1. Scanning segment 358-378 for residues that are in a loop (DSSP other than H, G, I, E, B) and modelled with pLDDT of 95 or more, which turns out nearest to Pro233 (Cα to Cα)?
2. Identify, from the list Arg312, Arg396, Arg321, the residue that is of a type in the set (Lys, Arg), open to solvent by 20 Å² or more (accessible area, probe 1.4 Å) and free of Cβ contacts under 8 Å to residues at least 40 places away in the same chain.
3. Quick check: anything in segment 345-358 open to solvent by 10 Å² or more (accessible area, probe 1.4 Å), acidic (Asp, Glu) and within 28 Å of Val220 (Cβ to Cβ)?
4. Name the residue that is most open to solvent (accessible area, probe 1.4 Å), counting only residues in segment 279-305 that are over 27 Å from Gly17 (Cβ atoms) and touching a residue at least 24 places away in the same chain (Cβ under 8 Å).
5. Taking Arg312, is it of a type in the set (Lys, Arg) and within 19 Å of Val261 (Cβ to Cβ)?
6. Restricting attention to segment 25-50, which residues are β-branched (Val, Ile, Thr), part of a loop (DSSP other than H, G, I, E, B) and under 20 Å from the mean Cα position of the chain (by Cα)?
7. So, Glu99, is that one within 30 Å of the chain's Cα centre (by Cα), open to solvent by 50 Å² or more (accessible area, probe 1.4 Å) and at pLDDT 85 or above or not?
8. Any residue in segment 243-271 that's among the aromatic types (Phe, Trp, Tyr): show its pairings with residues that are open to solvent by less than 10 Å² (accessible area, probe 1.4 Å) and not in a loop (DSSP other than H, G, I, E, B) at Cβ separation under 7 Å, as long as the two are six or more apart or on different chains.
Amino acid sequence: MAEYIVMPKLGFDMREGVLVSWLKQVGDTIERGDVVAEIESDKATLELESPVVGTLLRQLEDEGAVVPIGANLAIVGEEGEDIAAMVEASASAAPAPAEADVAPAEAPAAPAADAAPAPEAVSAAVSDEFPGGVRATPVARRLAQEQNVDLRRINGTGPDGRIRKKDVEAYVAAGPAPAPAVAAAPALTPVPTGPETTEVELTRLRKAIARRMTESKTTVPHFYVTTAIDMAPALALRAQINAALPEEEKISVNDMIVKAVALALREFPNLNASFAGDRLVRHNRINVGSAVAVEGGLLTVVQQNTDLTPLRQVAAENRERIGRARSGRMHPDDAVGGTFTVSNLGAFDVDHFIAIINPPEAAILAVGTAAQEPVVVDGALTVGTRMKATISADHRATDGAEAAQFMQRFKEIMEQPVRLLL
């Protein structure tokens with residue numbers, strides 16, 4: 001029986017992808033896991049693996065097409081199978097299904113109160129996949145943004161309360177135009193242009209970073225807690241482990257940090273969570289992401305079930321994912337499902353920094369360089385190896401004392417690193 005291959009969701013905020021090229025042609029035999037196409041999200045070019053087995057019967061999109069997530073890309077089935085009905089159904093299908101739609105962790109700020117009372121806010125469907133997200137089609141979101149309408153004020157008439165374009169149009173038609181903001185935002189300082197400047201067009205990745213980080217810093221109340229960690233025990237254990245491993249399997253300091261974070265998160269579920277308006281969504285799995293510097297920006301690769309995965313496997317999986325990210329050939333599942341992120345600038349001789357939370361996560365850990373410095377031990381001055389780490393946390397989801405306790409636990413694990421092997 002013929003089945004569709006669809007545009008996958010390659011990140012929390014992805015709404016569409018570009019079909020870069022077809023690597024399989026009509027008539028080719030396809031096995032499950034075969035790479036059939038290259039697709040590009042805002043963040044990277046990825047290889048699309050087939051989830052089905054059969055013969056490629058029809059390509060439904062041309063190379064270069066911008067395709068909403070969840071939309072049909074191809075049909076795979078038995079050679080000679082009648083797929084006319086599937087082709088027709090795909091042509092008339094909605095641009096994206098409800099499950100493919102995403103929203104920011106926090107809806108746009110509501111306009112000033114209207115003269116007439118606004119409709120009662122609906123209870124947005126919330127899940128680990130869409131923390132705090134109001135179900136709405138991409139067209140509805142775009143229209144709401146253009147009309148300066150808060151989606152939380154609209155009752156959706158689509159499946160599971162999803163807001164559709166007609167719902168936004170009806171809301172705008174029924175009520176007065178949104179009142180202007182109480183205080184206008186200050187005008188941005190003009191950017192100089194001319195022969196003494198050079199304009200560089202932003203890449204899709206840079207635009208995505210700008211959008212996401214602006215959203216985070218303007219909607220998430222950050223606070224920060226820093227601690228210094230004695231890294232001598234961890235570095236000694238790492239040297240001992242790596243002495244028994246081939247070069248391509250060696251453990252990095254970042255692997256140990258990622259594992260320690262995951263173990264500490266078991267005791268602090270509010271930091272492995274997402275703020276969702278009137279509730280906190282705690283994630284049942286601990287999936288720790290690692291920020292990776294790539295050409296033109298930054299990507300986050302995610303290691304699944306980090307607390308349950310042996311350190312050696314954490315290292316192997318992160319090595320593969322980071323390698324694919326830097327080569328621009330990430331797999332669809334490399335960057336999804338993260339519940340907490342580690343940003344490690346230790347390789348750049350950085351003493352200390354703070355990171356911006358990656359929505360919809362509740363926290364991120366910034367890690368500096370492990371360096372020798374003078375320390376006092378038992379009243380005596382000596383040389384020690386210290387690493388500073390800072391957690392940035394969402395004050396809506398947690399408080400300073402809890403974040404400090406998490407940092408204490410993380411420090412304990414790093415300073416008694418045999419726990420990473422248990």
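1. Among those that are in a loop (DSSP other than H, G, I, E, B) and modelled with pLDDT of 95 or more, it is Ala370.
2. Arg321
3. yes
4. Asn284
5. Here the answer is yes, as Arg312 does meet what is asked.
6. none
7. no
8. Listed pairs, sorted by first residue: Phe268/Phe406.
The values are calculated or read from the model by the stated rules, or taken from the named source; none is laboratory data. Just so you know, these numbers come straight off a predicted model, no measurement behind them. Please note: Cβ atoms are built from the backbone with ideal geometry, for glycine as well, and neighbour counts cover all protein chains shown. Note: areas computed on protein heavy atoms with side chains; ligands, DNA, RNA excluded. Shrake-Rupley method; radii C 1.70, N 1.55, O 1.52, S 1.80 Å.
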